[in-house]
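To keep things clear, I will list the structure first and then write my remarks on it.
The values are calculated or read from the model by the stated rules, or taken from the named source; none is laboratory data. Because the structure is a prediction, the values reported are computed rather than measured. Here the Cβ is made from the backbone with ideal geometry for all residues, glycine too, and neighbour counts use every protein chain on show.
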Amino acid sequence: MLHSPQRWKQIENLFHESLAVPAESRAGFLVERCAGDAELRAEIETLLEFEGVPMDLIEQPVINAAHDFATASAGQRISPGDVIGHYKILSFIGAGGMGQVYLAQDAMLDRMVALKVLAPALANDDRGLRRFEKEARAASALNHPNILTIYEFGQVNRLHFIASEYVDGPTLRQMLAGHGLSLETAIDIALQIARALEAAHASGIVHRDIKPENIMVRGDRLVKVLDFGIVKLIESQSQQPGNPAALAASVSISQVGLVIGSARYMSPEQARGLEVDPRSDIFSLGAVLYEMIAGKAAFDGATISDVIAEILKGTPESLSEIAPDTPAEVQEIIGKAMSKDRESRYQTVKEMLGDLQLASSANSPQAGHSSATGDGNMRPRLATRPTARNAGTPLAANAKPGPSGVRFGWLSTKARLFAISVALAVLAIAWVVLFLRSRNPAPPGAQAHSHTLAILPFRNLRQDPSLDYLGFSLSDAVITKLGSVGSLTVRPSSSIERYRNQDGDPRKVGDELDADTVLTGAFIRDGDDLRITTQLIDVKPNRILWRDSIDVKFDKLLTVQDRVSQEIVKGLKLNLTPAEVETLSPEKPVDQEAYEDYLRGIDLYSMNDFGAAIAMLEKSASIDPNYALTWAHLGKAYTTSATLRMGGREEYDKAQAAYLKAIALNPKLPEPRIYMANMLTDTGRVEQAVPLLRTALETSPNNAELHWELGYAYRFAGMLPESVAECEKARQIDPDVKINSSAMNSYLYLGEYDKFLKSLPENDSAFILFYRGFGEYYLHHTDQAVRDFDRAYAMEPSLLPARVGKALSDLSAGRKADANELLHRTWDEMEDRGVSDAESMYKVAQAFAVAGDKQAALHSLSHAIDGGFFCYSCFATDPLLSSLRSEPEFQRLKDIARHRQDEFKSRFF
Amino acid sequence: MEISPSSSPMTQLLRQWSGGDKSALDKLTPVVYDQLHRLASRCLRSERPNHSLCATALIHEAYLRLIDADVAWQDRIHFFAVSARLMRRILVDHAKKNGREKRGGGAEVIPLDEAIVVGPDSTAGLLELDTALERLATQDHRKSEIVELLCFGGLTYDETAAALKISPATVHREIKLAKAWLHRELIRGAA
């Protein structure tokens, strides 16, 4: 109702007057002042009721909307390092019907969790949400080993999330990947799903969405069923059940792309929109089991309606035709479970479980044992029967259209328009990036020319040993800082170390490091003042591009790296992306003392004094715990110490905590990810290493070490061509990257011995001598190999590879007893320490195999695989293992490795 | 290092738009969207977001990035004011579009590759707020302007006062009634 201006003025005045009166006297005051004007009194009273009551919508409509923008564009806006409640996001795992799933760290309980952030469309329905929460709680109360444990159902700001147990393994969908599984595996998985359902049904919970996407299989074959009770929430939004079209239309758009996935496993009653009961889950389980054996879905179609029509009327292709080896009793189980009429199905999952168990014991070589649940440490039990039946199963011509084929095909025009309008937000961002770039147009040709820069250690001009540490660590800091600039390749600290105590001639350095520009610097301290002079040299014409002298107070050391980095960017006329600009912007202030200790710590590490480096970095972190690089380097120091100084497992744990801290503080920093990935790979967790590196490569695609580390991880997982590709890419970016490492071992495993030898650096360290000998050994250049092995062992008799080389040398000379003694002694030491990387165990296994000690070889090989070196590709062909090939145990180990390699492949490729 | 501080086309666009050139809005919209995204992710990232801090500081920052650094302070206030209207306009358009899509019904399915899921109610209440603000404008134009500047523009009280050429005390006084009135209006509308 609109008031006249006079009336409005009256209202306003009286409103403010009332506010000046104490709340308890207001009623009386208004009665008096309104003097019989009840309407006026009501107007003021109702306004006063709302006075000072905050309402988000009014206070911050922009923020409100912004939140929605963020949650609406879902995963793309939550990124590693973000904090949601007490969870720190580590990486994106995948998108599901309910929203996005992330790997996160629970900072309170210090454990990894899977954090599912609900799509806002679902979270907006309060009633549905409460119902869902109730069900989720009920499901979590089931506490069954085959049901994913839900830790928490929470809300921060407007984000609703579910924190659950993190399952390290593929989904059944990923395992299937277009082919069937072996019969034993299929039945084993079905059995475990049935056990989960049995427990849920006993508590009155129907899953409603059993499908391969909701089944996860852990490394030890333990099956976890996810997402209990979730579909109910989605169904609650469906207004008109009853016909397929209505169902399809009413499913929330957050179900995008997954609708068809769920539809394939719906029971007929579900497809009709009727009430469901436990027998619906039995149907879905039957359909999943069918698919595991047949390698294709029981009911499929190009659109949801087609799928639903198939479910209601169609008959799946007979298993005796697709997979003729399927025993009749298994076909019967599936047929009964998938009866269209629920009265003809198994009436309880317990009945089906019983039949599955019978089928399992009839088909399993270890009669009567299906894999037990709940034992996380149990050895993998693998299908030992050949799977030729499944491998050879031809897919029906119309089965499994590619994802885009399916999705685009069934989009209505309206939906397309919607998709386009929704995608505008994304395009807008792309537009902004172009826009920002266009504001700073690149001079022609500038972008095409990529600079390679070497930053030499700074020289200490006054003989002041207390400041020596600055020489290396300051240049290291600038190198780190510039590492994120895509148009610039910076030689890593490891390659400039050798110039530590010498005046490098820039031209020579440029030549040696294949760099076109070189930065040299020097510093001198006078009391509190520090003067740093730097010059940037273009080595080809040997021309100084830029020279600068920076005067800083000693306690502002941190600004040096910022300033130098920025001057380099200017001097080279680099064009930066907005992201790079952000990364290069000045650091948050770090406590000066902490920063000095950090620099000292780096310096100590580079001189291999790991104990002192740890102490210094720990001190730095205790003074200022918010500097990510301190934690990254501390983690690295712990890791190295654990490996080389027998610090053992606790130091790995400490390292991990330090890396996570660094990543949480600065998610974009590649260093902690590189170091952590290396540790994870070495300690048997290559599956965790890969996502860590891939995420980092998105922001730093030109980081040689990231590519190198990924190649290393791939090697452990047997992805040899991929491993070589990554390492070659790393070497392309930086020829010196990890020059003294186990280098291109993947070439060795691929049988490309010449390429392997070429990849080795030209130095005669014990480590490289061993590898050179190893390559020669494979090539049957035994004399040359023995010379190199013996030299390496003479130089460093405690170095593990050197010992393996010595053993091979002894064996070549017929000193079998010596070789065996050395190998057993080495193995015992490794077992005592318990910190060897699994590839080293593999090397010992190789030597045992050559020595003919099959038992020891198989023992160490099994440890290598358990420890995370499951490079099936090399076990299958490695000539050094030929003495083992006829052993049944070797076959078994090979199968385990192959299985893990396959799982890895389906998960990451 | 800084992005070239030379003449920013944003300033030009904002001038054109406030001068009545409708096509300028098409170019401004994506920039504002992007700022919204940034704003949002920064707010979500902080463990205990201080919303009012987010609103003022960040929106400010967003606009500061859009305009020339050498624009005079008075001009800046003017730009904030224009920006506030722009922000309101864009958010409301967005909400309207969502509403239409929702009413349009049908299988709202988009390819997974482009799975940007916009919740049907992602700007819940915004249309109602806009309508209420329109009504407030007919009753008391200055109050609606104050709300627009403070809430949509993230301006401070002082800046709002400067933009409207009134005293900060007046802003304080007027916003009280404006908020209470809007709040009541929204609650009544919902009932």
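Structure data summary
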item	result
Test: residue in segment A:457-474 that is modelled with pLDDT of 80 or more, touching a Lys or Arg at 6+ places or on another chain (Cβ under 7 Å) and outside any helix (DSSP H, G or I)	yes
Selected residue [assigned to a helix (DSSP H, G or I), more than 25 Å from the chain's Cα centre (by Cα), without any contact (Cβ under 8 Å) to a residue 60 or more places away in the chain and within 27 Å of A:M841 (Cα to Cα)] from A:Y638, A:Y605	A:Y605
Unique residue being farther than 22 Å from A:M338 by Cβ and either outside the structural domain of A:G354 (by TED's automatic domain parsing) or in contact (Cβ under 8 Å) with a residue 40 or more places away in the chain (or both) when the list is A:L222, A:L191	A:L222
Segment A:721-736 - residue that is assigned to a helix (DSSP H, G or I) and touching a residue at least 40 places away in the same chain (Cβ under 8 Å) and, of those, nearest to A:C871 (Cα to Cα)	A:E722
Criterion violated by A:Y87 - all others in (1) facing another protein chain (nearest Cβ under 7 Å); (2) at pLDDT 80 or above; (3) in contact with a strand residue (DSSP E or B) (Cβ under 7 Å, 6 or more places away or on another chain) satisfied	(1)
Qualifying residues in segment B:152-184 (those that are touching a helix residue (DSSP H, G or I) at 6+ places or on another chain (Cβ under 8 Å), not polar (S, T, N, Q) and not in a helix (DSSP H, G or I)) - the one surrounded by the most Cβ atoms within 10 Å (Cβ to Cβ)	B:G153
Filtered residues of segment A:507-558 (kept if in a strand (DSSP E or B) and among the aliphatic types (A, V, I, L, M))	A:V518, A:L519, A:A522, A:I524, A:L530, A:I532, A:L536, A:I537, A:I544, A:L545, A:I550, A:V552
Where A:D837 falls short, out of the listed (1) at pLDDT below 90; (2) more than 38 Å from the chain's Cα centre (by Cα); (3) of a type in the set (D, E)	(2)
Residue that is within 11 Å of chain A (Cβ to nearest Cβ) and not acidic (D, E), where the choices are B:A163, B:A132, B:A169	B:A132
Close pairs from segment A:546-557: first closer than 14 Å to A:I524 by Cβ, partner part of a strand (DSSP E or B), Cβ under 6 Å, at least 6 apart	A:S549/A:T533; A:I550/A:I532; A:D551/A:R531; A:V552/A:L530; A:F554/A:L530
Candidates A:L191, A:L181, filtered to the one that is at pLDDT 85 or above, under 21 Å from A:S360 (Cα atoms) and part of a loop (DSSP other than H, G, I, E, B)	A:L181
Some residue of segment A:131-141 being in contact with an Asp or Glu (Cβ under 6 Å, 6 or more places away or on another chain) and either modelled with pLDDT under 70 or of a type in the set (S, T, N, Q) (or both)	no
Any hit, segment A:267-290, residues being in contact with a helix residue (DSSP H, G or I) (Cβ under 8 Å, 6 or more places away or on another chain), at pLDDT below 85, of a type in the set (G, A, S) and surrounded by 24 or more Cβ atoms within 10 Å (Cβ to Cβ)	no
Some residue of segment A:39-47 being within 30 Å of B:F152 (Cβ to Cβ), without any contact (Cβ under 8 Å) to a residue 40 or more places away in the chain, facing chain B (nearest Cβ under 9 Å) and surrounded by fewer than 14 Cβ atoms within 10 Å (Cβ to Cβ)	no
The listed residue being within 19 Å of A:K806 (Cβ to Cβ) and surrounded by 20 or more Cβ atoms within 10 Å (Cβ to Cβ), out of A:Y749, A:Y777	A:Y777
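Every residue, every condition in (1) closer than 26 Å to A:Q688 by Cα; (2) under 19 Å from the mean Cα position of the chain (by Cα); (3) surrounded by fewer than 23 Cβ atoms within 10 Å (Cβ to Cβ); (4) β-branched (V, I, T), yes or no:
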| residue | (1), (2), (3), (4) |
| --- | --- |
| A:I147 | yes, no, no, yes |
| A:Y151 | yes, no, yes, no |
| A:G154 | yes, no, yes, no |
| A:F161 | yes, no, no, no |
| A:G169 | yes, yes, yes, no |
| A:H179 | yes, no, yes, no |
| A:A196 | no, no, no, no |
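Residues checked against (1) at pLDDT 60 or above; (2) over 19 Å from A:R208 (Cα atoms); (3) within 14 Å of chain B (Cβ to nearest Cβ):
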| residue | (1), (2), (3) |
| --- | --- |
| A:L122 | no, no, yes |
| A:D126 | no, yes, yes |
| A:I147 | yes, no, no |
| A:S164 | yes, yes, no |
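Residues are listed down the side, and each one gets a yes or a no for (1) surrounded by fewer than 22 Cβ atoms within 10 Å (Cβ to Cβ); (2) in the same structural domain as A:G510 (by TED's automatic domain parsing); (3) modelled with pLDDT under 90:
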site: A:T699; (1), (2), (3): yes, no, yes
site: A:A704; (1), (2), (3): no, no, yes
site: A:A713; (1), (2), (3): no, no, no
site: A:R772; (1), (2), (3): no, no, no
site: A:R791; (1), (2), (3): yes, no, no
site: A:S809; (1), (2), (3): no, no, no
